[in-house]
Amino acid sequence: MDQAEKTGVELGNFSVSLSVADIHKSVAFYSAFGFEQIAGNIEQNWIILKNGDAKIGLFQNMFQGNMMTFNPADGRVVEVAIKAAGHAIETETTGEDGPCHFTLKDPDGNQILVDQH
């Protein structure tokens, strides 16, 4: 039995979201590793890159620090499970349906974004 079966929580796709100083330089750097754009708009200072199963989001002037990002089918279910386990949510979801997101930090202060599109 895998972890999702044990908890009932499906986290969906995983990526790392990086806060970058110069998005053009960062795109050029990660392109050398074979990453290609799959989403985003460089003129809006954000872009999503992919190489195989690896995904990196590059964001210029949108947030401080780097974070792990999960894209579940139902972010509200994940949020309820995290709260039920006794963990603090920093930014909670709003509304009862549709796209949502929430943020929290792990015990070492690493940022986590759960973002349902």
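The values are calculated or read from the model by the stated rules, or taken from the named source; none is laboratory data. No experiment lies behind these values; they were computed from the predicted model shown. Cβ coordinates were reconstructed from backbone atoms using ideal geometry, including for glycine residues, and neighbour counts include every protein chain displayed.
Worth pointing out:
- Scanning segment 32-68 for residues that are small (Gly, Ala, Ser) and in contact (Cβ under 8 Å) with a residue 12 or more places away in the chain yields 34, 40, 54, 57, 65.
- Residue check for residue 43: acidic (Asp, Glu), at pLDDT 95 or above and not in a strand (DSSP E or B): yes
- Residue check for residue 64: crowded, with 16+ Cβ neighbours inside 10 Å and closer than 25 Å to residue 21 by Cα: no
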